[in-house]
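Below is a structure I'd like to ask you about.
Throughout, read-outs are computed from the coordinates displayed, never taken from laboratory work. Just so it is clear, the model here is predicted, and its values are computed rather than measured. A quick note on method: Cβ atoms are made from the backbone with ideal geometry, for glycine too, and the neighbour counts reach across all protein chains shown.
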Amino acid sequence: AIYLLLGKETLGGQLNRLMEHYLKPAWNDKILYVAAIFDNSFHKFIVGQCIEAVVLGVLCIVGMTVLRLPYGMMIGTLIGFTALIPVAGAYIGAGVGAFMIFTVAPMKTLGFLLFILILQQIEGNVIYPKVVGSSIGLPGMWVLSAVTIGGGLAGIPGMLLGVPLAATAYHL
């Protein structure tokens, strides 16, 4: 991957020359057009994922502060970072956070888990489709469908690639 990234300009130029030599100009233009739309959709998807992770982390920090749960800032930041993993990421962060809270206040762990469950439902069904959908120009229903179908077909890689592919198809 490092060699590909370091030599991407050279590889891109070589691929361009191959396409110009072996493909008709109309086909070459169409392929480059589709590749540009896919690149744009994937870039906007990554930006939307990062914005959504920050929103989730901030909401977790605020909620934990209001509920007076320990380690609010640290656990909110952790959940924000792990939210970059689609669907299961925030739950992984919540598991680590629950363990941290359990070490100092075992009775507050159940309240934290209930809070995270509610926050994840709101985030997954309302915030995620709205934030990611608006960043890539795709209606929220398409985002939910793309994540669901992509996850059903190919698991976590399908969830990651489903939304940019759906955005590309939508724009085409």
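Kirkwood hydrodynamic radius, the chain, all distinct C-alpha pairs: what's the number in Å?
Roughly 18.1 Å, rounded to one decimal.
Related question: How much net charge surrounds VAL55 when only the other residues with a Cβ under 13 Å from the Cβ of VAL55 are counted, with Lys and Arg +1 and Asp and Glu -1?
Here the charged neighbours net out to -1.
For helix 140-171, report the angle its Cα long axis makes with the longest principal axis of the Cα atoms of the chain; keep it between 0 and 90° and round to the nearest 10°.
Roughly 60 degrees, rounded to the nearest 10.
Give me the mean projected area, in nm² to one decimal, of the convex hull enclosing the Cα positions of the stretch 1-98.
8.4
Just the number, please: Stokes-Einstein D of the stretch 127-168 in µm²/s, Kirkwood Rh from C-alpha pairs, 4 °C, 1.567 mPa s.
134
What size of dipole, in debye to the nearest 20, comes out for the chain about its Cα centre when the only charges are +1 on Lys and Arg C-beta atoms and -1 on Asp and Glu C-beta atoms?
It comes to approximately 140 debye.
Taking all pairs of different Cα atoms in the stretch 104-149, averaging 1/r and flipping that mean, what Kirkwood radius in angstroms comes out?
Across the stretch 104-149, the inverse of the average 1/r is 11.9 Å.
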